[in-house]
Amino acid sequence: MEFVIIIIVLALLFDYINGFHDAANSIATIVSTKVLTPFQAVIWAAFFNFVAFLIFKDHAVANTIGKTVNENFITLPVIFAGLIAAIIWNLLTWWYGIPSSSSHTLIGGFAGAAITHAFIERGFLPLHLIIDSDSILKIIAFIFLAPVIGMIISTFYTLVMMQRVTWVKCLVLLLTCVGIWFTFIHFQEKKIDKNVEKFFNVTSYAKDVENLDKVKEKQENERRFTEANDNAHKAFEYVKLYESKGSDVVADKIIQHVDMDFITSTRIIDNIELFFKVKQLEVLSHKDSKHLQAYHIAKKAVDDLRPIAMQHQALGYDKMVEMMLAKAPIQPFQIEEFDKVVRVDIKKDLKKVIERGDNKIIRYGLITMLLILVASFIYSEIIKEPSAQRTANNYKKMQLLSSAAFSIGHGGNDAQKVMGIIAAALVANGNIVDLKAMPNWVPLSCYVAIALGTLSGGWKIVKTMGTKITKVTPLEGVCAETAGATTLFLTEQMGIPVSTTHTITGGIIGVGATKRLSAVRWGVTINLLWAWILTIPISALLAAITYFIVNLFV
């Protein structure tokens, strides 16, 4: 247990370092345009980093990070070595003022340690058996795609803002609001579909089918996979009602028309396994044989109760609990807790899963920001006499909004990466069944850590981001930050971990290139690109060396 605590502390330390390492991303433009002083800017950014905790509930990025490595190769030493490597590389790049990606540092370290562990334990294995190739390829692709998307969006916003005819400018921004609405509605539906699919364990059954060798077990899992997949697709039909009817109606429709019996039984069994600490005792028994007997007793208790759980519908909860208490080795003082554990409220669980995919706050937030821009243009350019001073002041005020939005995106995207690592450690230690069961203290502590880190500042990288790539005006600052925020919100909806560094760099390049291509210092940009490309392999190599050392003592 002490090792898990050390890993959690290290993960939060990495999150803190991530905060001050990437603080420059949130504040570079607003400091370079002199809208806020550096001190004011870090307080502003840190506050909105934490506000992200109240907005992002789905943690899709955390799930992606946690599943980057095949669960068979996730051990506490692997996570420990990955974190140490990530912290070392983050501190080195911070010290030399290189705006590298904390996200890719963490991913590289995690994957590198896992590959090394697999090699020591089993020799050479195909990479796709150790790491999730699809997730890694997506993450690598977005090293290049994130800055390109940020650049395209910032170029679009800059061209719109520079439009001299106010009504044309306002009309384009209103059409952009419509586009954001329908885009995020689409993402919301897809995200809820994915959450429902996970709720029915479709993904886990699919992996079991691929990994099992025994014909009988494989056939049983294929049957379960087919059943779960069919149930999930039936549920998708009712997910479409969410925007107009809400989660209560959708959950009722799914429960009425989809067979929930098996998934309810599965959740009861999962809760019983947690109650008897089966996974945790299994992990401990591998380290020390004195825990072996306790593990076998706990496993037998779960195996004995499994058939009763499968009959929960026929028996009813009261009879089921009574039969379980008669058979299980439960002490009198544990009865109340056990009773709560096995009484699964499937509708409540389903509603939570559905609501986690809701993106109304993000959608309304982006649209509100653009509508405020429209209102400010109408006021400063039509109602009032237009002047250069009034326009400049207008953009300075707007930059407060755009930097706040970017800081929310930064907090939501980057804090989730550490959540994924902590959740993976808790799964590996047997404290939780899977990433979906992440305790509430994990996201809260991660958001606090990244906010405190941002509060500490990162002045070395501010200089690179705020002045060395291109000179940024308040107008361009608004465009770059709005583009960066939009990109972060979009990729978070897709569950893709991207670098806030890459995103805002693309935004800054976009506004610079809009003036003229020579306004961008391409030499600095190419150096940054090399740092981005090298981050994952160097972090992986550092993690491999660290794991070799850790393996000698653990």
Gained length - Glu71 relative to Lys347, 0.36 nm times residue gap less alpha-carbon distance: 96.5 nm
Peptides ranked, highest mean first, by Cβ atoms within 10 Å: ranges 105-112, 253-260, 356-363, 290-297: 105-112, 356-363, 253-260, 290-297
Virtual spin-label span in nm between His233 and Asp132, 7 Å along Cα→Cβ: 2.2 nm
Rounded tilt (10° steps) of 166-199 against the dominant C-alpha axis of the chain: 10 degrees
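Within 10 Å of each residue's Cβ, count the other Cβ atoms and sort Tyr96, Tyr16 from fewest upward. Don't jump to the answer; show the numbers that get you there.
On the way: Tyr96 11, Tyr16 22.
By the 10 Å Cβ count, ascending: Tyr96, Tyr16.
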Distant-in-sequence amide H partners of Ile131 (H built 1.01 Å from N, under 5 Å): Asn70
Estimated inter-spin distance, Phe3 and Ile297, nm [label 7 Å along Cα→Cβ]: 2.4 nm
Using alpha-carbon coordinates, inclination of helix 102-122 to the longest axis of the chain, degrees: 30 degrees
Label-reachable residues, region 384-426, where backbone N falls under 19 Å from a point 7 Å from His286's Cα toward its Cβ: 421-426
Simple spin-label estimate for Val178 and Trp95 in nanometres, 7 Å along Cα-Cβ: 5.5 nm
Residue pairs, from the table Lys396/Lys417; Lys190/Lys234; Lys240/Lys352; Lys67/Lys240; Lys300/Lys348; Lys67/Lys191, whose Cα atoms sit over 20 Å apart: Lys396/Lys417; Lys67/Lys240; Lys300/Lys348
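Counting other beta carbons within 10 Å of each Cβ, put Lys191, Lys300, Lys384, Lys138 in order, fewest first.
Working: Lys191 23, Lys300 14, Lys384 11, Lys138 18.
Sorted ascending by nearby Cβ count, the order is Lys384, Lys300, Lys138, Lys191.
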Extension gain from Ala531 to Gln40, taking 0.36 nm per residue of separation minus the Cα-Cα distance: 173.8 nm
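How would you classify region 198-353 from its alpha-carbon gyration tensor, with a ≥ b ≥ c the square roots of the eigenvalues: rounded for a/c under 1.5, else prolate if a/b is greater than b/c, otherwise oblate? All intermediate terms of the calculation are to be shown ahead of the outcome.
On the way: a/c = 2.16, a/b = 1.41, b/c = 1.53.
Oblate, because a/c is 1.5 or more while a/b does not exceed b/c.
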Between helix 278-287 and the chain: long-axis angle, C-alpha atoms, 0 to 90°, nearest 10: 90 degrees
Karplus-derived 3J(HN,Hα), 6.51/-1.76/1.60, for each residue of region 373-379, Hz, glycine and proline x: 4, 4, 4, 5, 5, 4, 5
Positive-end extreme of charge dipole, region 198-353 - chosen from Gln331, Ala309, Ala228 (charges on Cβ): Gln331
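No lab work stands behind these numbers, since they all come straight from the coordinates. If you're wondering where the values come from, they're calculated on a predicted model, not measured in any experiment. For neighbour counting, all protein chains shown are included, and Cβ atoms are generated from backbone atoms with ideal geometry for every residue, glycine included.
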